[in-house]
Amino acid sequence: MLERVRAVGRVTAPFVAPGRVLGLVGSPGLGLTRLGLALLADPAHGATVAFVDVRGWLSPLSAWEAGIPPKHLIVVRCPGRDIWGQVTAALLEGLSAVYAEVPAGVDGSVLRRLGALARARRAVLILRPLNGRLPSGLAHLKLVAERVHWEGADSGHGRIVRRLLTLRAAGKGVGGIEWLYEVEDEGTDVVRVVSELAAAEAGRAAG
């Protein structure tokens with residue numbers, strides 16, 4: 001059985017660290033883009049950050065609403081996988097944090113080189129694979145969107161007042177033990193972790 005442990009606070013603290021790779025995995029519509037933007041917000045208050053937009057649908061307004069100062073955000077449209085690795089590497093060379101959508105078909109060796117570059121540059125690298133997969137061991141921490149719950153709208157009517165996203169965390173960043181996090185988004189520029197739930201050790205089923 002899962003056990004509620006503690007409130008955590010602002011979303012950046014438990015997930016993002018310089019020189020680490022964070023993987024965001026899940027189906028479209030679960031709020032991972034919003035989460036990724038929120039994770040960029042803290043680094044963006046001290047330096048310029050970048051979003052590599054493969055799908056071509058990011059609105060800068062959504063980034064500003066997530067708390068990223070307009071003058072500190074670079075949005076790079078890069079739909080082609082052939083140059084995607086070079087573009088992302090160039091951004092990591094000069095910036096402190098990069099969120100990059102990963103197009104389908106990018107070779108794992110390209111991703112591993114980017115991970116090594118992020119470690120060398122002490123940069124935050126957030127990878128959002130559009131095919132739902134990352135090479136094993138690449139991400140220091142991988143967050144998998146499990147489910148999302150909306151409040152404030154009933155049968156398609158009304159105003160949404162809160163979104164609660166449940167994430168499963170795995171990797172070295174959680175010491176080999178899987179955890180579940182509940183992330184709350186009320187539409188303001190603060191997305192926060194509202195609870196941390198203990199889960200079973202990696203390789204064991206959680207009842």
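At 25 °C and 0.890 mPa s, what whole-number value in µm²/s does Stokes-Einstein give for the translational diffusion of the stretch 65-107, with Rh from the Kirkwood sum over Cα pairs?
My calculation gives 210 µm²/s for D.
Just rank LYS142, LYS71, fewest to most, by other beta-carbon atoms within 10 angstrom.
Lowest count first: LYS71, LYS142.
Given contacts defined as C-alpha pairs under 8 Å and at least six residues apart, what's the relative contact order of the stretch 68-155, whole-number percent?
27
How high is the FRET efficiency from TRP64 to LYS172, r the C-beta distance, R0 25 Å, rounded to 0.05?
0.15
Name all residues of the stretch 111-151 having a backbone nitrogen under 11 Å from the label point set 7 Å from the Cα of ALA47 along its Cα→Cβ direction, giving them as ranges.
121-125
Only the coordinates and a few stated rules stand behind these numbers; no lab work does. Note that the coordinates shown come from a computational prediction; the quantities given were computed from them, not determined experimentally. As a convention, Cβ positions derive from the backbone with ideal geometry for all residues, glycine included, and neighbour counts pool all protein chains shown.
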